[in-house]
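See below for the structure under consideration.
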Amino acid sequence: MSNDNLIELKNFSIGLPQSMKYGNDKEIVTGICKQPTEESFLTKEGFRGDGVGDLRYHGGPDRAVCVYPYEHYSLWGTEFNHTFSPSTFGENLTVTNMLEKDVNIGDVFQVGDAVIQITQGRIPCSTITKRTNTPSLLKRMVQTGFTGYLCRVLEEGYVRTNSKISLLEPHPKQVTILYANEIYFHDQKNVEGIKKVLDVQELAVEWREPLVNRLKKLGSLS
């Protein structure tokens, strides 16, 4: 990440799970509909006043904070001829200059008074389709690797809309989220690639387990 590129917090949102209508009057309970907030205290489990609808796929200490690059909003807006509202993807932090190709699993960032560490790429789910009513968006997020990513909290503290974000500690292994997404979603039999991702100790358990299982199936677990 270039020091010339200042990270900017464009949108800060939280929200508890609520009922969301989609399609022909169908309904689900989801935490994707987050609202802008002035400030919130970030705990090890996530922001106060924030929550997830399905704990199997979201939340927990390794997935306490969801981040999405601001630059993708204009990309998707152009591609789908649609204006996506802030926090469309259910992220807490919408940021500039922290693209998937620029950040690594294990990188540590200061966000306001808190310190967070990137743990995994986000696995986008069908709730995004239900919310945006754009069926091919989910597929495109996975195809491009523009999924956003999740973080654990190393130090709790307040985050505000005007909080500064800065890189404290780049991870020495330099396994980018974009690379990890490529291995996870597309290049699934790349043994060396899987090992490279697993070699980052800070990787979230939710990614480590399936990747270890994949190595076992490929007969390459040493």
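The values are calculated or read from the model by the stated rules, or taken from the named source; none is laboratory data. All figures in this text were calculated on a predicted structure; none of them were measured in a lab. Reconstructed Cβ throughout: ideal geometry from the backbone, glycine too, with neighbour counts over all protein chains shown.
Inspect the stretch 167-175 for any residue being within 21 Å of N11 (Cβ to Cβ) and touching a Cys at 6+ places or on another chain (Cβ under 8 Å) and give the result as yes or no. No. Of all residues in the stretch 68-86, which are surrounded by 24 or more Cβ atoms within 10 Å (Cβ to Cβ) and either of a type in the set (K, R) or under 15 Å from K34 (Cβ atoms) (or both)? Selection gives Y68 alone. For the stretch 129-152, the set of residues classified as within 18 Å of the chain's Cα centre (by Cα) and either more than 24 Å from G77 (Cβ to Cβ) or surrounded by fewer than 19 Cβ atoms within 10 Å (Cβ to Cβ) (or both) consists of T129, L138, K139, R140, V142, Q143, T144, C151, R152, listed by residue number.
Here Y158 fulfils each of the conditions (1) part of a strand (DSSP E or B); (2) within 20 Å of N104 (Cβ to Cβ) apart from (2). When E192, E206, E155 are screened for being touching a strand residue (DSSP E or B) at 6+ places or on another chain (Cβ under 7 Å), acidic (D, E), surrounded by fewer than 16 Cβ atoms within 10 Å (Cβ to Cβ) and more than 18 Å from K101 (Cα to Cα), only E155 passes.
Conditions (1) modelled with pLDDT of 95 or more; (2) surrounded by 21 or more Cβ atoms within 10 Å (Cβ to Cβ); (3) assigned to a loop (DSSP other than H, G, I, E, B), marked per residue:
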site: G49; (1), (2), (3): no, no, yes
site: H58; (1), (2), (3): no, yes, yes
site: D102; (1), (2), (3): yes, no, yes
site: Q110; (1), (2), (3): yes, no, no
site: C125; (1), (2), (3): no, no, yes
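Confirm whether I118 is farther than 22 Å from Y158 by Cβ and crowded, with 21+ Cβ neighbours inside 10 Å. No.
Within the stretch 168-189, count every residue that is touching a strand residue (DSSP E or B) at 6+ places or on another chain (Cβ under 6 Å) and either over 22 Å from G60 (Cα atoms) or outside any helix (DSSP H, G or I) (or both). The qualifying residues number 6. Listed conditions (1) among the small types (G, A, S); (2) farther than 28 Å from L218 by Cβ; (3) assigned to a helix (DSSP H, G or I) are all met by S163, apart from (3). The residues in the stretch 35-47 that are over 17 Å from the mean Cα position of the chain (by Cα) and part of a loop (DSSP other than H, G, I, E, B) can be counted, and the count is 2.
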